[in-house]
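Participant: Quick one: the structure is below, and I'll ask about it shortly.
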Amino acid sequence: MQPKLPELIELERIIEAGKSLLNARIACNVEVKGERFPVYVLTMGSSDPQAPAVGFFGGVHGLERIGTRVLLAFLRSLLARLQWDPVLHHQLTSVRLVFMPLVNPGGMWNNTRCNPGGVDLMRNAPVDSLEKVPFLLGGQRFSARLPWYRGAADAPMEPEAQALCEVVRTELSCRPFSLALDCHSGFGLQDRIWFPYAHSEIPIRHLPEIHALKDLFNQTYAEHNYLFEPQSLQYLTHGDLWDYLYLQATTEGNKIFLPLTLEMGSWRWVKKNPRQLFSRDGIFNPNKPHRQQRVLRSHLLWFDFLTRAACAHQYWLPQPASDAGLALTAGIAA
């Protein structure tokens, strides 16, 4: 009998309702105490391997249900719009959308941050910081009984982490341009958009592209409430999956892969309802129905913006130095 995990039930309902509009496959299965949970990958849009792509990921930490829920809300919105919106149909002919809304169903079933093996998937990649990281928080190999466990040093990556990496390599970072957004909660009073690195304070190679995307969003939606910053500005960690995938992608020629993290500021929810501190679920998720509804609708604009920005990336990406030089020369000659 299928275990009653509400987010998984809702995801499978969406897959069934949208089966004529999206493709779904199972990247891996996770077993927990005799129960079997699929990790789904959903795709829609262009099948052209050169088309830009956006990947949306959630539920990497089982406690952070709101990350999965905001992606389910976005999926429901897309399917509803496809019933009447010719502009969206046209947009999807030139961009590919990829979804892994529930990466860690076993952790969500157990109500734990880690996966069923006790491993924090965001500390599981083979990336070590050469700079000082916070004790425990930065990733540790002492014991799975302690938080932020990385897994044994000689062990392969966890199945869920391997599945996420496989999806990124085959659907996103292999393309000339791609974006990824991983939805989390649990830090600060303000919603943040984090970008690499988490393992180092050294700026990433594509910092100009990140700033161009940020400026584009600021110009388009001046009243937004997001704070853009590198994760290293707050704390450093070992084993960050997005650092690992970004480092791999930057070795593949001129491809641009920009991984972002939406870090929803859960301290704000706790501040408004301090009783949430007394439940593990309440620290990471809005408990009041009206607050949850507000969160579910408040990020749809950001998700839609990313799909449009990917479609039009050639219009806002910084020009390479050689192209800028040619443009300047042409201007002087004219």
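The values are calculated or read from the model by the stated rules, or taken from the named source; none is laboratory data. What you see is a predicted model; the values in this text were computed from it and never measured. When we count neighbours, we look across all protein chains shown, and the Cβ atoms used for this are built from the backbone with ideal geometry, even at glycine. Each accessible area value is taken on the protein alone, full model and side chains, heavy atoms only, with ligands, DNA and RNA left out. Shrake-Rupley method; radii C 1.70, N 1.55, O 1.52, S 1.80 Å.
Participant: From the list Arg294, Arg275, Arg268, which one is touching a residue at least 40 places away in the same chain (Cβ under 8 Å), of a type in the set (Lys, Arg) and more than 30 Å from Gln50 (Cα to Cα)? Write out each step before concluding.
Facilitator: Numbers: Arg294 fails: touching a residue at least 40 places away in the same chain (Cβ under 8 Å); Arg275 fails: touching a residue at least 40 places away in the same chain (Cβ under 8 Å).
Step by step, each of Arg294, Arg275, Arg268 is checked, and only Arg268 is touching a residue at least 40 places away in the same chain (Cβ under 8 Å), of a type in the set (Lys, Arg) and more than 30 Å from Gln50 (Cα to Cα).
Participant: Select from segment 179-204 the residues that are in a loop (DSSP other than H, G, I, E, B) and among the polar types (S, T, N, Q) and write down the one among them that is least open to solvent (accessible area, probe 1.4 Å). Walk me through it before giving the result.
Facilitator: Step one: filter segment 179-204 for residues in a loop (DSSP other than H, G, I, E, B), giving 186-191, 196-204.
From the residues that got through so far, the ones that are among the polar types (S, T, N, Q) too are 190, 200.
Numbers: Gln190: 62, Ser200: 9 Å².
Out of the qualifying residues, it is Ser200.
Participant: Take the residues of segment 83-140 that are open to solvent by 40 Å² or more (accessible area, probe 1.4 Å) and of a type in the set (Gly, Ala, Ser): which is nearest to Tyr235 (Cα to Cα)?
Facilitator: Gly117
Participant: Please specify each residue of segment 209-239 satisfying the condition of being open to solvent by 30 Å² or more (accessible area, probe 1.4 Å), part of a helix (DSSP H, G or I) and out of contact with any strand residue (DSSP E or B) (no Cβ under 8 Å at 6 or more places or on another chain).
Facilitator: His211, Asp215, Leu216, Asn218, Gln219, Thr220, Leu233
Participant: Okay, moving on. Only residues in segment 162-173 that are within 15 Å of Leu42 (Cβ to Cβ) and in contact (Cβ under 8 Å) with a residue 24 or more places away in the chain count as the first member; pair them with residues that are part of a helix (DSSP H, G or I) and not basic (Lys, Arg), Cβ under 6 angstrom, at least 6 apart or cross-chain, and list the lot.
Facilitator: Close Cβ pairs satisfying both conditions: Val168/Leu245.
Participant: Out of segment 154-174, which residues are assigned to a loop (DSSP other than H, G, I, E, B) and either modelled with pLDDT of 95 or more or buried (at least 18 other Cβ atoms within 10 Å of the Cβ) (or both)? Step through it out loud before you land on a result.
Facilitator: Of segment 154-174, the ones assigned to a loop (DSSP other than H, G, I, E, B) are 154-158, 173-174.
Ala155, Pro156, Met157, Glu158, Ser173, Cys174 - these are the residues of segment 154-174 that are assigned to a loop (DSSP other than H, G, I, E, B) and either modelled with pLDDT of 95 or more or buried (at least 18 other Cβ atoms within 10 Å of the Cβ) (or both).
Participant: Further, regarding this structure: Those residues that are open to solvent by 80 Å² or more (accessible area, probe 1.4 Å) and more than 21 Å from the chain's Cα centre (by Cα), I need them from segment 18-33; list them, please.
Facilitator: Hits for segment 18-33 are Lys19, Ser20, Glu31, Lys33.
Participant: Here are some residues: Val41, Val103, Val70, Val133. Which one is closer than 16 Å to Lys19 by Cα, of a type outside the set (Gly, Ala, Ser) and modelled with pLDDT of 95 or more? Steps first, please.
Facilitator: Numbers: Val103 fails: closer than 16 Å to Lys19 by Cα; Val70 fails: closer than 16 Å to Lys19 by Cα; Val133 fails: closer than 16 Å to Lys19 by Cα.
Result: Val41 is the single residue among Val41, Val103, Val70, Val133 that is closer than 16 Å to Lys19 by Cα, of a type outside the set (Gly, Ala, Ser) and modelled with pLDDT of 95 or more.
Participant: A follow-up question, please. How about segment 240-269: which of its residues are open to solvent by less than 20 Å² (accessible area, probe 1.4 Å), in a helix (DSSP H, G or I) and not small (Gly, Ala, Ser)?
Facilitator: Once the filter is applied, which keeps residues that are open to solvent by less than 20 Å² (accessible area, probe 1.4 Å), in a helix (DSSP H, G or I) and not small (Gly, Ala, Ser), segment 240-269 yields Leu241, Trp242, Asp243, Leu245, Tyr246, Trp269.
Participant: Still on this structure: Whether any residue in segment 136-146 is in contact with a Ser or Thr (Cβ under 6 Å, 6 or more places away or on another chain) and of a type in the set (Gly, Ala, Ser) is what I want to check. Steps first, please.
Facilitator: Pass one, segment 136-146, residues in contact with a Ser or Thr (Cβ under 6 Å, 6 or more places away or on another chain): 138-139.
If we keep only those that are of a type in the set (Gly, Ala, Ser) as well, we get 138-139.
Yes, there is a match, as at least one residue in segment 136-146 is in contact with a Ser or Thr (Cβ under 6 Å, 6 or more places away or on another chain) and of a type in the set (Gly, Ala, Ser).
Participant: If you take the residues in segment 34-83 that are of a type in the set (Asp, Glu) and over 20 Å from the mean Cα position of the chain (by Cα), which one is farthest from Val119 (Cα to Cα)?
Facilitator: The initial filter retains those residues of segment 34-83 that are of a type in the set (Asp, Glu), namely 35, 48, 64.
Of the ones still in play, those that are also over 20 Å from the mean Cα position of the chain (by Cα) are 35, 48.
On the way: Glu35: 19, Asp48: 36 Å.
This residue is Asp48.
Participant: Looking for whichever is under 21 Å from Ala53 (Cα atoms) and more than 15 Å from the chain's Cα centre (by Cα) here; the options are Ala212, Ala222. Which one fits?
Facilitator: Details: Ala222 fails: under 21 Å from Ala53 (Cα atoms).
One residue alone meets the criteria, Ala212.
Participant: Restricting attention to segment 306-320, does a residue exist that is more than 30 Å from Leu164 (Cβ to Cβ), at pLDDT below 80, part of a helix (DSSP H, G or I) and more than 19 Å from the chain's Cα centre (by Cα)?
Facilitator: Among the residues of segment 306-320, not one is more than 30 Å from Leu164 (Cβ to Cβ), at pLDDT below 80, part of a helix (DSSP H, G or I) and more than 19 Å from the chain's Cα centre (by Cα), which makes the answer no.
Participant: Still on this structure, please answer the following. With closer than 16 Å to Tyr40 by Cβ and part of a loop (DSSP other than H, G, I, E, B) as the only criterion, which of Leu71, Leu102 stands out?
Facilitator: Details: Leu71 fails: part of a loop (DSSP other than H, G, I, E, B).
After applying the criteria, what remains is Leu102.
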